[in-house]
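The values are calculated or read from the model by the stated rules, or taken from the named source; none is laboratory data. A quick note: this is a predicted structure, and the numbers were derived from the prediction, not measured. A quick note on method: Cβ atoms are made from the backbone with ideal geometry, for glycine too, and the neighbour counts reach across all protein chains shown. Accessible surface is based on the protein model in full, side chains and every heavy atom, while ligands, DNA and RNA are left aside. Shrake-Rupley method; radii C 1.70, N 1.55, O 1.52, S 1.80 Å.
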Number of protein chains: 2
Amino acid sequence: LALIRAIRTRASRSALRTKETAGLHLGIGDDCALLRVRSSEEIAVTTDLSIAGRHFHFDWHPPEAVGHRTLARGLSDLAAMGARPVAAFLSVGLPQELMLKAKKGATWFERYLDGFFDLAKSTGTPLAGGDLAQSPLFAADIVLFGAVRRGRALLRSGARPGHLLYVTGSLGGSAAGLIRLAAWAKENRSKFGHAKESKKKGAEAFASVRIPKKLAADLAPHLTPQPRLTVGQVLSRPGLASAAIDISDGLSSDLAHICEESRVAAEIDAALLPLHNAATLEQALHGGEDYELLFTAPPNVRVPRTIAGIPITRIGRILPLRAGRPTITLLTPQGQQPLQPSGWQHFA
Amino acid sequence: LALIRAIRTRASRSALRTKETAGLHLGIGDDCALLRVRSSEEIAVTTDLSIAGRHFHFDWHPPEAVGHRTLARGLSDLAAMGARPVAAFLSVGLPQELMLKAKKGATWFERYLDGFFDLAKSTGTPLAGGDLAQSPLFAADIVLFGAVRRGRALLRSGARPGHLLYVTGSLGGSAAGLIRLAAWAKENRSKFGHAKESKKKGAEAFASVRIPKKLAADLAPHLTPQPRLTVGQVLSRPGLASAAIDISDGLSSDLAHICEESRVAAEIDAALLPLHNAATLEQALHGGEDYELLFTAPPNVRVPRTIAGIPITRIGRILPLRAGRPTITLLTPQGQQPLQPSGWQHFA
């Protein structure tokens with residue numbers, strides 16, 4: 001109860017300031033939260049589950065990064081629809097030891113909330129409710145509500161043969177960062193290990209993963225991905241994008257989703273892919289969690305080179321679906337080859 | 001992936017039939033679901049987390065009951081606001097063994113979905129999305145969206161001194177049922193036990209809790225509580241209820257929430273409480289999960305004796321908050337006494 005009150009205070013102090021503009025009418029403290037949107041708008045909803053050991057590791061990820069990533073996953077889905085954030089709901093199953101004070105400073109869960117609220121604030125996303133239960137396993141379910149003009153939401157199903165294929169930002173940085181993070185964590189396990197693995201007991205072990213600033217900056221695409229909210233909203237204006245998805249599972253998998261929902265095929269050109277400077281082609285194709293937007297536009301549309309400061313790169317085109325031809329073809333200097341969707345399985 | 005497809009098919013077969021009337025514009029299969037409500041309405045949102053071992057026991061609760069109760073918790077919050085259901089989102093962290101086939105028939109998770117979709121269908125609640133991840137622990141987060149006329153939602157904060165206090169249905173039946181269920185499970189442990197406790201391995205143990213029909217009927221208030229959706233919608237009409245909450249934590253705790261949000265005190269009369277025929281006064285006061293509605297109305301309002309077939313009982317009244325007087329007073333034949341909120345802590 002004390003924890004719920006602390007979160008409530010924090011929610012009203014920071015993010016709820018935006019409530020009038022965002023459409024949140026009644027936040028935490030009743031049976032339901034109440035949302036209002038303009039009659040010209042519809043509501044986009046998405047939910048994402050983050051589970052310890054599956055979506056993050058206690059002895060790899062600083063708690064602030066786990067909190068940031070919980071919210072970023074949901075916001076990225078809103079971005080892919082062209083929606084603006086209206087409110088977030090966070091349900092957490094919380095092991096008791098994550099609420100223990102470390103010798104210096106905050107508990108693991110306080111640091112988790114720091115990361116969560118920092119991104120909530122910078123994106124104008126009020127926390128409007130949620131649920132909290134003690135649990136032997138850390139699990140967080142994030143629900144995001146956005147508003148988008150009626151009929152303007154960017155769907156996966158709008159791609160047509162001849163449309164060109166674009167991507168925002170750079171690819172593979174998250175997967176490359178994860179590998180570097182794992183290596184760093186292995187080296188520093190004795191210092192920062194999770195209670196079970198390090199044989200250290202209690203809060204100190206849980207709360208203590210801290211990454212040097214320089215390394216954290218290099219790992220930003222993995223630790224603190226930035227959902228492309230503004231880009232998505234621009235793309236949803238009439239006459240721009242025809243379909244969109246966010247790259248959460250990996251380019252190959254997410255492009256396959258567009259192809260499936262639009263009933264089309266696609267080809268991408270390896271030479272055109274905007275690889276993150278630390279990433280391999282493999283990581284750009286299949287590494288997930290980049291949270292960039294993958295979108296299509298008719299060939300006569302002039303797509304800007306940057307939107308809201310984010311570079312936009314043409315990487316391929318949409319083709320008709322034909323029996324005997326692979327759904328996705330990868331063009332390389334060695335010729336063309338079928339590209340199997342083999343998305344990010346997190347730690348599986 | 002196969003499981004997600006099966007759920008998607010099932011969602012579109014049963015509950016999504018209601019989508020046009022309910023306001024769900026785009027369901028499972030894109031980055032977000034899209035909802036539309038009438039411009040005269042606002043949206044009520046609630047989330048509830050159900051965790052194995054905390055909100056239910058594998059060797060006590062049949063999977064259908066766990067599925068029913070997951071959804072009932074969220075629907076009951078909508079009922080307490082006077083909202084009609086628009087869409088549900090279900091996120092599940094799922095241990096692999098719950099997807100194993102038992103010798104006869106369905107997996108634990110299929111039976112869970114049976115219970116979930118039965119209630120979804122009978123209440124016209126389409127499943128519009130969610131998330132699914134493998135997890136060592138079963139955890140389900142349910143998100144419910146409802147629609148309610150702007151400004152008409154029943155809040156906890158509307159009770160005023162002099163208003164009368166009412167409750168729907170009967171109280172304590174769920175707590176009494178849980179005790180009987182625990183006793184039955186203990187007797188039948190060798191037959192129905194959870195894998196760990198019964199030493200039986202695998203799916204057979206997980207999938208096999210089946211309660212005799214007669215007993216299941218007696219335990220209905222606990223196993224299959226009915227959210228008071230129609231009553232809530234009637235109560236939200238102008239000139240009826242002034243405040244409402246659903247009884248999830250227990251009468252004493254939930255009345256304390258109304259008092260806190262409305263800044264009032266209250267007295268209830270033990271002799272007036274509509275005890276379930278198997279329940280004690282203690283269970284009616286503090287046993288949770290009855291999912292009845294507790295509401296207030298001004299004294300000049302004629303509250304019907306039944307609404308939608310559900311009996312309505314006056315149980316007390318709202319008083320001004322005064323220093324030195326308890327927030328909640330219980331009147332008994334032995335005189336009056338302070339009533340401490342001591343709500344349901346599930347299995348804690």
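Can you flag which of A:K101/B:K101; A:K101/B:K186; A:K121/A:K214 are past 32 Å Cα-Cα? In this structure, A:K101/B:K101; A:K101/B:K186 lie more than 32 Å apart at Cα.
Between A:L100 and B:R210, the modelled label-to-label distance comes to 4.5 nm, taking each label 7 Å out from Cα in the direction of the beta carbon.
Charging the Cβ of each Asp and Glu at -1 and of each Lys and Arg at +1, and nothing else, the dipole of the protein assembly as shown about its Cα centre rounds to 340 debye.
Debye-formula intensities of the protein assembly as shown, expressed as log10 I(q)/I(0) at q = 0.07, 0.08, 0.10 Å⁻¹, are -0.49, -0.64, -0.99 (one equal scatterer per alpha-carbon, no solvent). Normalised by the number of residues in segment A:48-176, the average gap of Cα pairs under 8 Å and 6 or more apart makes the relative contact order 38 percent. Between 0 and 90 degrees, the angle of helix A:108-122 with respect to the longest Cα principal axis of chain A falls at about 50 degrees. A:P238 label point (Cα plus 7 Å toward Cβ) to equivalent points in the other copies: 3.8 nm, shortest first. Backbone amide hydrogens, once placed in the peptide plane, bring B:A243 within less than 5 Å of B:T296, excluding anything fewer than 5 places away on its chain. Counting Lys and Arg as +1 and Asp and Glu as -1 over every other residue whose Cβ lies under 11 Å from the Cβ of A:H276, the net charge comes to -3. Count Lys and Arg as plus one, Asp and Glu as minus one, and take only other residues whose Cβ is under 12 Å from that of A:F116; the net charge is then +1.
The accessible surface of segment A:255-301, taken with every protein chain in place and a 1.4 Å probe, is 48 percent carbon and sulfur.
Can you tell me, using C-alpha contacts under 8 Å and at least 6 residues apart, the relative contact order of chain B as a whole percent? In percent, rounded to a whole number, it is 23. With label points defined 7 Å past Cα in the direction of Cβ, position B:S122 shows copy-to-copy spacings of 4.9 nm, given to one decimal and shortest first.
With Cβ to Cβ distances under 14 Å as the rule, what net charge do the other residues near B:Q337 carry (K, R +1; D, E -1)? It would help to have the intermediate numbers written out before the result.
Details: positive: B:R325; negative: B:E267, B:D269, B:E282.
Neighbour charge sum, excluding B:Q337 itself: -2.
Residues in segment A:145-151 carry Karplus couplings, in order, of 10, x, 10, 9, 4, 3, x Hz; the curve used is 6.51 cos²θ - 1.76 cosθ + 1.60 with θ = phi - 60°, and Gly or Pro positions show x.
On C-alpha positions alone, give me the angle between the axis of helix A:173-187 and the longest principal axis of chain A, in degrees, nearest 10. Taking the Cα atoms of chain A, the angle to A:173-187 is about 40 degrees. Residues considered: A:S170, A:S39, A:S262. Largest GNM mean-square fluctuation over chain A, using C-alpha springs under 10 Å, is found at A:S39. Using a Gaussian network model of chain B in which every pair of alpha carbons under 10 angstrom is joined by a spring, one finds that among B:P136, B:P161, B:P63 the greatest mean-square fluctuation is at B:P136. The angle between the Cα long axis of helix B:251-262 and the main principal axis of chain B comes to about 60°, on a 0 to 90 degree scale. For segment A:126-140, the Karplus equation 6.51 cos²θ - 1.76 cosθ + 1.60, evaluated at θ = phi - 60°, returns couplings of x, 7, 9, x, x, 8, 9, 9, 5, 7, x, 10, 7, 9, 10 Hz by residue, with Gly and Pro reported as x. The distance from the alpha carbon centre of segment A:254-332 to that of segment A:85-122 is 35 Å, rounded to a whole number. Between B and A, buried accessible area from a 1.4 angstrom probe totals roughly 4300 Å², ignoring ligands, DNA and RNA. Couplings 3J(HN,Hα) for segment A:75-87, derived from phi with the Karplus relation 6.51 cos²θ - 1.76 cosθ + 1.60 (θ = phi - 60°), are 4, 5, 5, 4, 4, 5, 9, x, 9, 9, x, 10, 6 Hz, where x marks Gly and Pro.
Could you rank the peptides B:327-337, A:240-250 by their average count of other C-beta atoms within 10 Å per residue, with the highest value first? Present the calculation step by step, with values, prior to reporting the outcome.
Numbers: B:327-337: 13.9, A:240-250: 25.6.
Ranking, from highest mean packing down: A:240-250, B:327-337.
Under a 5 Å amide H cut-off, with hydrogens placed 1.01 Å from N, B:L275 pairs with B:L171 among residues at least 5 apart or on other chains.
Note on B:128-140: average number of Cβ atoms from other chains within 10 Å of each residue's Cβ is 6. Shielding of peptide B:50-56 by partners, expressed as the average count of other chain Cβ atoms within 10 Å per residue Cβ, is 3. Just checking the listed ones, A:A80, A:A217, A:A323: in the Gaussian network model of chain A with Cα springs under 10 Å, the one fluctuating most is A:A323.
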